[in-house]
1. Of the conditions (1) assigned to a helix (DSSP H, G or I); (2) at pLDDT 85 or above; (3) out of contact with any strand residue (DSSP E or B) (no Cβ under 8 Å at 6 or more places or on another chain), residue 138 fails just one. Which one is it?
2. All but one of (1) buried (at least 19 other Cβ atoms within 10 Å of the Cβ); (2) under 20 Å from the mean Cα position of the chain (by Cα); (3) at pLDDT 90 or above; (4) within 22 Å of residue 312 (Cβ to Cβ) hold for residue 227; state the number of the condition that does not hold.
3. Being assigned to a loop (DSSP other than H, G, I, E, B) and closer than 18 Å to residue 312 by Cβ is the filter; apply it to region 264-299 and report the residue that is modelled with the highest pLDDT.
4. Can you name the residue in region 195-217 that is part of a loop (DSSP other than H, G, I, E, B) and surrounded by 19 or more Cβ atoms within 10 Å (Cβ to Cβ) and is also farthest from the chain's Cα centre (by Cα) among such residues?
5. Does residue 79 count as in contact (Cβ under 8 Å) with a residue 40 or more places away in the chain, surrounded by fewer than 23 Cβ atoms within 10 Å (Cβ to Cβ) and in the same structural domain as residue 182 (by TED's automatic domain parsing)?
6. Name the single residue that is surrounded by the fewest Cβ atoms within 10 Å (Cβ to Cβ) among those in region 83-99 being assigned to a loop (DSSP other than H, G, I, E, B) and in contact (Cβ under 8 Å) with a residue 12 or more places away in the chain.
7. Return the only residue of 109, 66, 51 being within 25 Å of the chain's Cα centre (by Cα), assigned by TED's automatic domain parsing to the domain that holds residue 169, in contact (Cβ under 8 Å) with a residue 24 or more places away in the chain and closer than 25 Å to residue 318 by Cβ.
8. Take residue 166 and tell me if it is surrounded by 21 or more Cβ atoms within 10 Å (Cβ to Cβ), touching a helix residue (DSSP H, G or I) at 6+ places or on another chain (Cβ under 6 Å) and within 14 Å of residue 123 (Cα to Cα).
C-alpha cells in the first residue's frame, strides 16, 4: 500500500521531545538561545516539518543533519524569520522570529551557501561597507583578524580563493556583533585544505561565546565542529546528542576487527569468514566480554591478533541508519516529505 501524505489535522506532536536533551527541564528553557516546541510547516497541504522540538543553549555549536527533503532548511528559515510556521512555538534569543523579525535582525548573522559580494571591492572595503549598516559594528580590522584574512585585507574579492571568500562571508556575518550565527552548508565544494581552514574559523567563534547553528551534509564536519547534533528525517528529529554518543546503539553497533592467526582457530562465536583483506569483523552483543575472551584466548595460545581494533560506529554510519527508510529502527517511514509532491528541504 502506498503511504499517503499526512493532512494538516493529522500531524501528531513529536514523541518524547527527541530534540531536547533530557537534562533540560521546563524551568531551564528560559535562557535558551533557540527554543522550538512542536514546530509544524505545510506546503500545499503536505507536511515539511512534523512537530520538531529543539533546545539550543547559548554558546553551543549545534549541527542540523538530514537528507534533502528532510525539513532542515525549512526549519532554519523559520528560525531566521524568513518563513512563517503553521503550528508550534519558536523563540530565538527570546524573540518570536515570525512576529518580531525586526527586533531579531540585528542580533543574528546569516551565512548563506552563496552570496553576492562586489568582486571589485577589497576585503577591507567590503567589511567596512557592511559595518555601516549596524549601530555598534566590529571594526573591519577586528573582523579581518577573526576570520584570518590579515594577508588579504587589500586584495580584491575576485582574487580570493573559494576558502578565502567563505571566510569573508563569515566576516560579513560577524561585523554586527551577532549573538547567534546561522551557517548554511559552510564548506560545500571546498577542497580538503580549504575545509580545514574554514573549520578553524568556525571553531574560533566558540571562544567569543557565540551560538552557532549550522547545517551540513558532511559527517566529519559535524563531528569536528558541533557540541551537539540533531538528525532530521521526514520532518522529525529522529536523534539528538553529542556526535560521539548519537543515536540508538542498535542502529550501528561497535565492531571488533582483527586478522586471525593462520595456525589456530579463535573461539566459536568470536570469528567469521575473513574478508578479501584477510581480516575478520564481528559484532558482539557484549563488547567488553568479547574483547576479554578474544585477547585471553590469544594470550593462552601465544598467538598474535594482528591489526586488532575496536571500531565504534562513525557519525556517518549512524546518520545513514537513522535516515534510511528501510532502517530496522522503524523511525523513518516510507512517507518521507522529500518523496511526496510539494516536499521541500
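1. That leaves (1) as the condition not met.
2. Going through the list (1) buried (at least 19 other Cβ atoms within 10 Å of the Cβ); (2) under 20 Å from the mean Cα position of the chain (by Cα); (3) at pLDDT 90 or above; (4) within 22 Å of residue 312 (Cβ to Cβ), residue 227 breaks only (1).
3. As a first pass, look at region 264-299 and keep what is assigned to a loop (DSSP other than H, G, I, E, B): 264-279, 283-286.
This time we only want the ones that are closer than 18 Å to residue 312 by Cβ, so: 279, 283-286.
Working: 279: 91, 283: 86, 284: 87, 285: 84, 286: 87.
Within region 264-299, the match that is modelled with the highest pLDDT is 279.
4. Of the residues in region 195-217, the ones part of a loop (DSSP other than H, G, I, E, B) are 209-210, 216-217.
Filter once more, so that each one left must be surrounded by 19 or more Cβ atoms within 10 Å (Cβ to Cβ): 210, 216.
On the way: 210: 17, 216: 6 Å.
Ranking the candidates gives 210 first.
5. Details: in contact (Cβ under 8 Å) with a residue 40 or more places away in the chain: yes; surrounded by fewer than 23 Cβ atoms within 10 Å (Cβ to Cβ): no; in the same structural domain as residue 182 (by TED's automatic domain parsing): yes.
Criteria not met by residue 79.
6. Keep residues of region 83-99 that are assigned to a loop (DSSP other than H, G, I, E, B), which gives 83-86, 93-94, 96-99.
Within this subset, residues satisfying the condition of being in contact (Cβ under 8 Å) with a residue 12 or more places away in the chain are 83-86, 93, 97-98.
On the way: 83: 18, 84: 11, 85: 22, 86: 15, 93: 18, 97: 24, 98: 17.
Step by step, filter region 83-99, then rank; the result is 84.
7. Working: 109 fails: closer than 25 Å to residue 318 by Cβ; 51 fails: assigned by TED's automatic domain parsing to the domain that holds residue 169.
Selected residue: 66, the only one of 109, 66, 51 that is within 25 Å of the chain's Cα centre (by Cα), assigned by TED's automatic domain parsing to the domain that holds residue 169, in contact (Cβ under 8 Å) with a residue 24 or more places away in the chain and closer than 25 Å to residue 318 by Cβ.
8. It is true that residue 166 is surrounded by 21 or more Cβ atoms within 10 Å (Cβ to Cβ), touching a helix residue (DSSP H, G or I) at 6+ places or on another chain (Cβ under 6 Å) and within 14 Å of residue 123 (Cα to Cα).
The values are calculated or read from the model by the stated rules, or taken from the named source; none is laboratory data. None of these values were measured; they are calculated from a predicted model. Glycine gets a Cβ as well: all are built from the backbone with ideal geometry, and neighbour counts include every protein chain shown.
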